[in-house]
Amino acid sequence: MERDWFLIDAKGVVLGRLASFIAGLLMGKYKSDYSPHIDNGAGVIVINARHIKVTGKKLKDKVYFRHTGYPGGAKFITLEKMLERKPEEVIKHAVKGMLPKNKLRDRRLKRLKVYPDEFHPHIAQKPVKIEVGEWKIKTLSTQ
């Protein structure tokens, strides 16, 4: 199977809208032969992850949780600090939550490549640049 690759610029895009759009591309919902049990989605490259927007007071109030595995090892980090340290993890975490919770989720997430700035090493995939919300996509299968 030959997969389509899309390039999305996240500068100024609201996080939730971006994540749901990317999840749809990874699942292949834009294709006419979409089937939920078949992994025929596209690869997605996201650039400028550092410049996403969030609404309301989420920068201060939204908290990410992880546990080290040791007793008392709960770690909490706000969205604001996460955007400073690892902005690509914010988008990956949001997209992971939007994908169906099944065996295909990890395979689909491997095709999501997120970069904090506008540089990416995926020129060989010949990604098609699209805007968030643009479902009329010219794919490899329709060319």
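Every number in this text was worked out from the coordinates using simple rules, so none of it is lab data. Source: prediction; values computed, not measured. All Cβ positions, even for glycine, are placed from backbone atoms using ideal geometry, and neighbour counts span all protein chains on display.
For the pair the range 20-55 and the range 75-133, the centres of their Cα atoms are 10 angstrom apart.
Mean-square fluctuations from a GNM of the chain, with a 10 angstrom spring cutoff on Cα atoms, peak among Thr55, Thr78, Thr68 at Thr68.
Under a 5 Å amide H cut-off, with hydrogens placed 1.01 Å from N, Lys53 pairs with Gly12, Val13, Val14, Leu15 among residues at least 5 apart or on other chains. Using 0.36 nm per residue and subtracting the Cα-Cα separation, the extra length available between Asn102 and Thr55 on full extension is 14.0 nm.
Springs join every pair of Cα atoms under 10 Å in this Gaussian network model of the chain, and among Gly97, Gly43, Gly56 the largest mean-square fluctuation is at Gly56. Residue-wise HN-Hα couplings along the range 114-122, as the Karplus relation 6.51 cos²θ - 1.76 cosθ + 1.60 with θ = phi - 60° gives them from phi, are 10, 10, x, 10, 8, 9, 8, x, 9 Hz; Gly and Pro carry x. Angle of helix 87-98 to the longest C-alpha principal axis of the chain, folded into 0 to 90 degrees and rounded to 10: 70°.
In the chain, the longest principal axis of the Cα atoms and the axis of helix 15-27 are about 40 degrees apart. Scanning the chain for chymotrypsin sites (Phe, Trp or Tyr not before Pro) in DSSP loops with at most 16 neighbouring Cβ atoms within 10 Å leaves 35-118 as the longest stretch between them. Placing a label point 7 Å from the Cα of Thr78 along the Cα-to-Cβ line, the residues of the range 5-46 whose backbone N sits under 20 Å from it are 15-16. Straight Cα distances below 13 angstrom link Lys113 to the aspartates and glutamates Asp9, Glu88, Glu89, with same-chain residues fewer than 8 positions distant left out. Annotation: the residues Ser32, Ser20, sorted from fewest to most other C-beta atoms within 10 Å of their own C-beta, follow the order Ser32, Ser20.
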